[in-house]
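Student: Have a look at the structure that comes next, please.
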Amino acid sequence: MTYQKDKSTRITLRLNERQFEFVRENAEILGVSPSEFLRMVVNSTMSMSQKAVDNVKKKIVAEVGAEGRENDKADKHYLV
């Protein structure tokens, strides 16, 4: 992958030997640098997190209903 100069934030990360070996070995398997592997892990985690949030929102809508709660409907036109 070519460096696109889109990375403007730098982070310093300290790992123990076991953590570093995990990163190094997986980066090697994938044919990327340790930094690129860690970016892949972060991107994957971000995607999974967003899917979890979306699922929770869907569950709330399913439980509460698309129109919302009765109290929300009753107060819809109540102007204070």
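Student: Go through region 8-38 and count every residue that is without any contact (Cβ under 8 Å) to a residue 24 or more places away in the chain and surrounded by 10 or more Cβ atoms within 10 Å (Cβ to Cβ).
Tutor: So the answer is 16.
Per-residue answers, yes or no, for (1) in a helix (DSSP H, G or I); (2) within 24 Å of the chain's Cα centre (by Cα); (3) aromatic (Phe, Trp, Tyr); (4) at pLDDT below 80:
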{"site": "PHE37", "(1), (2), (3), (4)": "yes, yes, yes, no"}
{"site": "VAL56", "(1), (2), (3), (4)": "yes, yes, no, no"}
{"site": "ALA66", "(1), (2), (3), (4)": "no, no, no, yes"}
{"site": "ASP72", "(1), (2), (3), (4)": "yes, no, no, yes"}
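Student: Considering region 1-35 alone, what residues qualify as being in a helix (DSSP H, G or I) and among the aromatic types (Phe, Trp, Tyr)? Break it down into steps so the answer makes sense when it comes.
Tutor: Applying the first criterion (in a helix (DSSP H, G or I)) to region 1-35 yields 17-30, 34-35.
Passing the criteria: PHE20, PHE22.
The values are calculated or read from the model by the stated rules, or taken from the named source; none is laboratory data. Not measured: the values here are computed from a predicted model. Reconstructed Cβ throughout: ideal geometry from the backbone, glycine too, with neighbour counts over all protein chains shown.
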